[in-house]
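J.: So that we are looking at the same thing, I have put the structure below in structure tokens.
The values are calculated or read from the model by the stated rules, or taken from the named source; none is laboratory data. Computed from a predicted structure; not experimentally measured. Ideal geometry is used to build each Cβ from the backbone, glycine not excepted, and the neighbour counts take in all protein chains shown. Note: accessible area is taken over every heavy atom of the protein model, side chains too, but ligands, DNA and RNA are not part of it. Shrake-Rupley method; radii C 1.70, N 1.55, O 1.52, S 1.80 Å.
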Amino acid sequence: MHSHSSSFLYGANVQANGIRQHYLRYGGNDGARASRDAVIILPGITSPAVTWGFVGERFGQQFDTYVLDVRGRGLSSASDTLDYSVDAQAADVVALAQALGLSRYAIVGHSMGARIGARAACQAPQGLTRLVMVDPPVSGPGRRAYPSKLPWYVDSMRLARAGCSAEQMRAFCATWTEEQLQLRAEWLHTCDERAVIASFEEFHTGDFHADLPALRLPVMLMQASRGDVILPEDVAEIRSLLPQVVVSRVEEAGHMIPWDNEAGFYAAFGDFLGATLYIPFIE
């Protein structure tokens, strides 16, 4: 076990792609990190950046790491006139990297964040070197529906907007720790319902698979062993569309992989990002 001081540096807002984008930064670009690509982490549909803080801490030990509040979540811009499409979200990430002056960076996207990352990578933006798609929804036109249902999100967000306890949040996230439930109960109200509904709808109307043949960079697909977001036939189809894809699998994990098997999540990256992540001893 490596002893380490906290890698959290600060949270900040930047104006990029015409909106306020809020991010949390971990690690910095000094020491060994200076020679490695930075990492931008894009969370899923109802995950403000702060809920990925424990992952940011770990990444920050090896990489200059930025965890983004996707538009309509956390402390980034939200409004009833904002465009919540994958195209807009992808443009946000590219603009953020430019605003931060990142000359080389990787994107690690979970779920919705994986689809945003793939769309961003389609444009081959300058400086983007690698993409990790963590359990991306493979739903789309003419395909099976995404396994989670919209009311699960909407009901939990309404509960959070009214003010709720970690215990009340447990009904929605039965396997989470007290600390994780506490954070979700505290922050879920910052997810704009319009943003979440728009993203959920695009899981079904957007053609994720159409983006894959356009990807020219190294890509990793990380699959959870449990849950039915990515099935073996999905892996086979993605391999056919994206011959260079590296597939990793995390055992004993559902869709929220780092919550279910944190050590397995870090191990699954191997040295794909240019350095291996320290694996914590999980109690």
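J.: Given a 1.4 Å probe and every protein chain left where it sits, what share in percent of the accessible area of region 139-261 is carbon and sulfur? Could the numbers behind the result be given before it?
T.: Working: 3250 of 5890 Å².
Of the solvent-accessible surface of region 139-261, carbon and sulfur hold 55 percent.
J.: While we're on this one: Over what distance in Å are the Cα centres of region 48-95 and region 210-283 separated?
T.: What the calculation gives is 20 Å, centre to centre.
J.: Also, quick follow-up: Which percent of the Cα-Cα distances in the chain go past 27 Å?
T.: Details: 13657 of 39903 pairs.
The proportion of pairs with Cα distances above 27 Å equals 34 percent.
J.: Write down the accessible area per residue of the chain in Å², having rolled a 1.4 Å probe over the full set of protein chains.
T.: Values: 11500 Å² over 283 residues.
For the chain, the solvent-accessible area averages 41 Å² per residue.
J.: Now for a different question. If you restrict to DSSP beta bridges whose two residues both lie in the chain, what percentage is antiparallel, to the nearest 5?
T.: Values: 12 of 35 bridges.
If I count the DSSP bridges inside the chain, around 35 percent turn out antiparallel.
J.: Just from its helices, what would the mean residue ellipticity at 222 nm be for the chain, if runs of 4 or more DSSP H residues each count -39500 (n - 2.57) and the sum is divided by every residue, rounded to the nearest 500 deg cm²/dmol? Don't skip to the answer; put the middle values down first.
T.: On the way: 11 runs with 98 residues, N = 283.
Taken over the chain, the calculation gives -9500 deg cm²/dmol.
J.: Treating only the Cβ of Lys, Arg, Asp and Glu as charged (+1, +1, -1, -1), what charge dipole size does the chain show about its Cα centre? Round to the nearest 20 debye.
T.: Numbers: 23 positive and 31 negative charges, 93 e Å.
Around 440 debye, computed over the chain.
J.: I'd like to compare 142-149, 89-96: which one has the highest average count of other Cβ atoms within 10 Å, and what's the full order after that?
T.: On the way: 142-149: 12.9, 89-96: 23.1.
With the highest mean Cβ count within 10 Å placed first, the list reads 89-96, 142-149.
J.: Between A99 and A32, with labels modelled 7 Å along Cα→Cβ, what's the label distance in nm to one decimal, could you check?
T.: Distance between label points: 3.2 nm.
J.: Between Q123 and A267, what length in nm is gained on full extension when 0.36 nm per residue of separation is reduced by their alpha carbon distance? Let's see the in-between values first.
T.: Numbers: separation 144, 0.36 × 144 = 51.84 nm, distance 2.92 nm.
Residue separation times 0.36 nm, minus the Cα-Cα distance, leaves 48.9 nm.
J.: Grab the other residues whose beta carbon is less than 12 angstrom from that of A38, score K and R as +1, D and E as -1, and report the net.
T.: Working: positive: R25, R33, R36, R104, R130; negative: D37, D64.
Computed value for this residue: +3.
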